[in-house]
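Any read-out appearing in this document is the output of simple, stated calculations on the displayed coordinates, not a laboratory observation. What you see is a predicted model; the values in this text were computed from it and never measured. All Cβ positions, even for glycine, are placed from backbone atoms using ideal geometry, and neighbour counts span all protein chains on display.
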Amino acid sequence: MTDLYRGKRLAVEKREYLLPNGKRVERVSVHPGNAVAMLPFFEDGSCCLIRQFRFVVGEFILEAPAGTLEPGEDPATAAHRELSEETGFDAETLVPRGWIYTTPGFSDEVIFLYEARGLHPSSLHEKDEDEVIETVRVGRGDLLAMVRDGRISDAKTISLVCRCMGEER
């Protein structure tokens with residue numbers, strides 16, 4: 001194994017892997033750590049998304065609030081923290097909606113998914129200084145249409161919409 005980069009939250013390595021068919025291959029793997037994402041719903045059924053500038057793609061995208069887990073942190077604890085930081089809301093209830101691999105072709109990142117219910121204003125609302133975020137309220141009935149027409153193009157958000165919209169409330 002060769003470390004190509006090792007930072008506070010990200011490691012990139014080149015190493016040899018043995019495939020199930022017996023073949024050996026050399027690949028670059030990215031290890032960003034795990035994360036959480038939440039789809040927060042208000043009492044009227046509308047949803048709180050964020051519009052965030054993502055410098056890598058050079059544009060604002062509409063997405064679910066999300067964030068990175070601290071080492072050893074419980075995902076639900078991280079979800080509560082990130083929801084407050086990014087939206088200014090706390091949730092009474094977090095409903096686990098499973099998890100996803102983000103890009104298993106080169107990364108081992110897992111995002112734990114939650115549906116957030118019982119929203120109320122947070123007293124601990126502090127956005128990270130390096131984030132440009134605004135909240136956007138979206139009607140429940142608009143979420144699937146926004147996925148279909150590309151207004152929501154973020155994979156974690158699409159996964160959350162699919163996982164949360166399967167049960168009518």
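Tabulated data
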| item | result |
| --- | --- |
| Within the chain, percent of DSSP bridges classed antiparallel, to nearest 5 | 85 |
| Label-point gap, in nm, between residue 148 and residue 57 - each point 7 angstrom along Cα→Cβ | 2.1 |
| Relative packing of peptides 69-81, 33-45 - highest average C-beta neighbours within 10 Å first | 33-45, 69-81 |
| Mean Cβ neighbour count within 10 Å, used as a protection proxy, ranking 6-18, 109-121 highest first | 109-121, 6-18 |
| Per-peptide average of other Cβ atoms within 10 Å, ordering 146-152, 84-90 highest first | 84-90, 146-152 |
| Shape category assigned to the range 39-152 from the gyration tensor of Cα positions, a/c cut at 1.5 | rounded |
| Nearest-0.05 FRET efficiency for residue 120 and residue 23, computed from C-beta distance (R0 45 Å) | 0.25 |
| Residues with amide H under 5 Å from that of residue 109, placed H, sequence gap 5 or more | 102, 103 |
| 0 to 90° range, to nearest 10: angle between helix 75-87 axis and the chain longest Cα axis | 60 |
| Global geometry of the range 1-63, whether rounded, prolate or oblate, following the gyration tensor of its Cα atoms and the 1.5 cut on a/c | prolate |
| Between helix 155-164 and the chain: long-axis angle, C-alpha atoms, 0 to 90°, nearest 10 | 50 |
| For residue 90, distant residues with modelled amide H under 5 Å away | 120, 122 |
